[in-house]
Amino acid sequence: MSLLISFSPLIVANEYRESPKLTGSAQLLQNPEDNILNSLDVALDTISNIYMQALLSGTHTPEMEISFRALEIELYELLDRLYKQHRLKDYMKYEPEVTRQMIIYGMLKELFGYTQHVEKPK
């Protein structure tokens with residue numbers, strides 16, 4: 001006696017979307033002439049490259065820290081410009097991604113022992 005079980009496809013081809021967690025940094029579609037959003041995308045990609053360099057080399061160098069600090073300032077200035085232009089819809093798309101990247105970078109620095117913890121007196 002054989003048992004034949006058929007499964008219906010769980011994913012319809014037209015409805016499948018990749019998980020945002022698997023796609024890396026945000027790649028949002030926008031007007032090619034929108035300098036702020038394009039600059040945000042470039043800066044987020046650059047931060048991802050810094051992560052990869054650190055992970056592949058197994059260390060976090062002062063040169064990486066310098067380039068990251070410049071990117072961090074640039075990212076927050078670009079977010080500030082969006083906010084001041086009352087482009088809250090765009091701001092809300094990018095702010096969580098920037099925050100996520102900063103958290104990941106902080107964890108990476110801690111992994112390589114580049115940060116020092118100062119315990120608060122009790």
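Quick notes on this structure:
- Relative to the compact-globule estimate of 2.2 N^0.38 Å, the Cα radius of gyration of segment 33-111 comes out at 1.14.
- Whole-angstrom gap from segment 30-82 to segment 84-114, using each part's C-alpha centre: 10 Å
- Potential lengthening of the chain between residue 42 and residue 66 amounts to 6.9 nm, from the contour at 0.36 nm per residue minus the alpha-carbon distance.
- Added length on full extension, which subtracts the Cα-Cα distance from 0.36 nm per residue, residue 35 to residue 102: 21.9 nm
A short reminder: the numbers here are calculations on the coordinates, not readings from a lab. Remember, predicted model here, so these are calculated numbers, not experimental data.
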